[in-house]
Amino acid sequence: MNWKKTLIIIFNIIIGAYLLLAVTAFNKPVEKETVCRDVRISIDKGIIDGFLTTDEVRRMLIEGGQNPIGRTMADVNLRTMEELLEKHELIDNAECYRTQGGNVNIRITERVPVVRVMARSGDDYYVDKDGKAMQNTGYACNLMVATGSIDRAYARRVLAPLGSIVIADDFWRNQIEQINVLPDSTIEMVPRVGEHILYLGKPVGVTKKLERLRKFYQYGLSQAGWNKYKRISVEFDNQIVCKKR
């Protein structure tokens with residue numbers, strides 16, 4: 001029985017040594033010799049175009065000393081690259097991986113703002129869908145602007161979900177260009193088409209209010225004319241109050 005156990009142990013050692021050799025002798029030399037030829041970057045921008053470009057991401061890698069081009073694959077630290085990119089406030093998540101052809105692929109999920117805040121206090125920043133503030137870095141982004149009596153808490157609690165509702169809808173994304181917050185925290189909106197103001201009142205039941213407005217646009221203003229009224233209010237449930245010009 002002892003010699004059988006000894007044979008089994010020896011056999012297991014041989015198999016383990018072979019597997020270790022396969023990893024170190026076969027794979028590692030190829031990785032050490034393979035040089036990264038290109039970096040392929042894809043950016044998930046979501047519903048609207050955000051701030052980032054692939055050239056900007058390449059610049060981040062170069063300035064951070066993590067440009068993999070020209071390095072052997074063994075010297076490319078993917079985790080360090082991901083950590084570098086994710087430190088940038090415009091990037092929500094970065095995934096880096098190697099390919100057999102000698103390339104490094106990078107997939108980025110961008111933090112996309114839903115509204116730009118230009119408050120009466122002088123604050124100028126963007127807010128993403130999660131209510132997180134993003135500083136105005138000078139990038140161009142075609143978003144509706146929120147003005148008026150806005151603090152950071154209001155932007156996080158009210159404007160982030162409202163902005164998400166608007167940009168998720170093709171009609172409202174193209175129709176609403178400005179949100180104005182009045183001193184009593186009620187909201188009015190400025191459309192791109194039509195010389196009127198849309199008054200939502202308190203920011204509750206926004207989806208239902210916008211649906212009511214959509215139907216009024218479709219069945220009311222299309223018949224009466226887009227410039228007949230100067231103010232359209234959906235403040236109260238089940239009614240639309242219009243004030244003629």
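The values are calculated or read from the model by the stated rules, or taken from the named source; none is laboratory data. The structure displayed is predicted, hence computed values, not measured ones. Here the Cβ positions follow ideal geometry from the backbone for every residue, glycine too, while neighbour counts run over all protein chains shown. Side chains are part of the model used for accessible areas, which takes the heavy atoms of the whole protein and leaves out ligands, DNA and RNA. Shrake-Rupley method; radii C 1.70, N 1.55, O 1.52, S 1.80 Å.
Among the candidates Val127, Val115, Val104, single out the residue that is β-branched (Val, Ile, Thr), part of a strand (DSSP E or B), touching a residue at least 40 places away in the same chain (Cβ under 8 Å) and under 30 Å from Gly148 (Cα atoms). Reasoning before the result, please.
Values: Val127 fails: touching a residue at least 40 places away in the same chain (Cβ under 8 Å); Val104 fails: under 30 Å from Gly148 (Cα atoms).
Result: Val115 is the single residue among Val127, Val115, Val104 that is β-branched (Val, Ile, Thr), part of a strand (DSSP E or B), touching a residue at least 40 places away in the same chain (Cβ under 8 Å) and under 30 Å from Gly148 (Cα atoms).
Being open to solvent by less than 80 Å² (accessible area, probe 1.4 Å) and either modelled with pLDDT under 90 or of a type in the set (D, E, K, R) (or both): is that true of Tyr229 here? Can you show your working first?
Working: open to solvent by less than 80 Å² (accessible area, probe 1.4 Å): yes; either modelled with pLDDT under 90 or of a type in the set (D, E, K, R) (or both): yes.
Criteria met by Tyr229.
Run down Ile197, Ile179, Ile187 and say which single residue is surrounded by 16 or more Cβ atoms within 10 Å (Cβ to Cβ) and touching a residue at least 60 places away in the same chain (Cβ under 8 Å). Lay out the reasoning, then the answer.
Numbers: Ile197 fails: touching a residue at least 60 places away in the same chain (Cβ under 8 Å); Ile187 fails: touching a residue at least 60 places away in the same chain (Cβ under 8 Å).
After applying the criteria, what remains is Ile179.
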Checklist (1) outside any loop (DSSP other than H, G, I, E, B); (2) more than 20 Å from the chain's Cα centre (by Cα); (3) within 24 Å of Trp226 (Cβ to Cβ) applied to Tyr154, failing item:
(3)
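I want to confirm something. Restricting to segment 157-176 and keeping residues that are touching a residue at least 60 places away in the same chain (Cβ under 8 Å) and either in a helix (DSSP H, G or I) or among the charged types (D, E, K, R) (or both), which single residue is farthest from Gly194 (Cα to Cα)?
Taking the candidates together, the pick is Ile167.
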